Amino acid sequence: MTDIVGYSDPFRDDHDRAALRSTLLRILVDGFTASGLTWRRCRHHDRGDGLLTIVPPTLSTYSLINPLLHVLGENILQHNRTAPDELHLQLRSALLVGPVLLGDTGYPNASVIHAARMLDSVALRRTFATSNHAFATMVSSYVYENVVQHTRGAVTASAFHRTSYDASGATFSSWTYVAQTSDDGSQG
């Protein structure tokens, strides 16, 4: 699940938002392709300022971490280098593994609801409120323990930090990755 940070900010107009949506789609499709993931095998649900992407269990969750997170961060940075300020893209995402069934009007599943709560969490939003990062994602503890900890490559477990957030009166534990790029002097 993805969300464009500041999508409805008053300094942006409808043309800017349309351009940002096109940019987001291009960056996601390019990122999936570069990561060996087949974009058309996934289901996509428009969220206005983002996209819910349902990845079938036949596609590797490892590839959603490594190299996809690194590729998305780099692609967003590359876009931002040449884009005017109103078209700079900052992207939040959330990744959770769980059953998803299509209902009459969408995906009324606990796993989708949980991913939406991660995406909208104060903890993930705070990542952008205190910095100018281009991309950050939150993964569930399950994804961290069963995938991230066993991943090698451009994205490693050390690039994540433990996070907790509150939703519906409960506290949840998760892990956050902030894309570090060559432009900010670090690696991630």
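The values are calculated or read from the model by the stated rules, or taken from the named source; none is laboratory data. This structure is a prediction, so every number in the text was calculated from the model and none was measured. Every residue, glycine among them, receives a Cβ derived from its backbone with ideal geometry; neighbour counts consider all protein chains shown.
Against the numbered list (1) over 26 Å from Phe172 (Cα atoms); (2) buried (at least 18 other Cβ atoms within 10 Å of the Cβ); (3) modelled with pLDDT under 95, Glu86 comes up short only at (2). Considering only residues that are more than 14 Å from the chain's Cα centre (by Cα) and closer than 19 Å to Val100 by Cβ, which ones fall in the stretch 21-43? Once the filter is applied, which keeps residues that are more than 14 Å from the chain's Cα centre (by Cα) and closer than 19 Å to Val100 by Cβ, the stretch 21-43 yields Leu37, Thr38, Trp39, Arg40, Arg41, Cys42, Arg43. Taking the stretch 133-161 as the search range and keeping residues that are under 16 Å from the mean Cα position of the chain (by Cα) and more than 24 Å from Gly98 (Cα to Cα), which one is modelled with the highest pLDDT? My answer is Ala134.
When the strands (runs of 3 or more DSSP E) confined to the stretch 1-74 are screened for residues that are hydrophobic (A, V, I, L, M, F, W, C), surrounded by 13 or more Cβ atoms within 10 Å (Cβ to Cβ) and in contact (Cβ under 8 Å) with a residue 12 or more places away in the chain, those reaching at least 1 such residues are found at 2-4, 50-54. Scoring Ser60 on the criteria (1) modelled with pLDDT under 95; (2) farther than 17 Å from Val155 by Cβ; (3) among the polar types (S, T, N, Q) leaves a single failure, condition (2).
Please verify whether the stretch 93-102 includes one or more residues that are surrounded by 15 or more Cβ atoms within 10 Å (Cβ to Cβ), farther than 20 Å from Ile27 by Cα, more than 15 Å from the chain's Cα centre (by Cα) and at pLDDT below 90. Steps first, answer last, please.
Let us first name the residues in the stretch 93-102 that are surrounded by 15 or more Cβ atoms within 10 Å (Cβ to Cβ), namely 93-97, 100.
Cutting the leftovers down to farther than 20 Å from Ile27 by Cα gives us 96-97, 100.
Checking the rest, the ones that are also more than 15 Å from the chain's Cα centre (by Cα) come to 100.
When the remaining residues are screened for being at pLDDT below 90, the result is 100.
Yes, the stretch 93-102 has at least one match.
In the stretch 122-158, the residue that is surrounded by the fewest Cβ atoms within 10 Å (Cβ to Cβ) out of those that are aromatic (Phe, Trp, Tyr) and out of contact with any strand residue (DSSP E or B) (no Cβ under 6 Å at 6 or more places or on another chain) is Tyr142.
Within the stretch 168-180, is even one residue hydroxyl-bearing (Ser, Thr, Tyr), within 19 Å of Ser35 (Cα to Cα), modelled with pLDDT of 95 or more and more than 14 Å from the chain's Cα centre (by Cα)?
Here is the first cut: in the stretch 168-180, the ones hydroxyl-bearing (Ser, Thr, Tyr) are 168, 171, 173-174, 176-177.
Then keep just the ones that are within 19 Å of Ser35 (Cα to Cα); that gives 177.
After this cut, where a residue has to be modelled with pLDDT of 95 or more as well, the list is 177.
Now narrow it down to the ones that are more than 14 Å from the chain's Cα centre (by Cα): none.
No, that holds for no residue.
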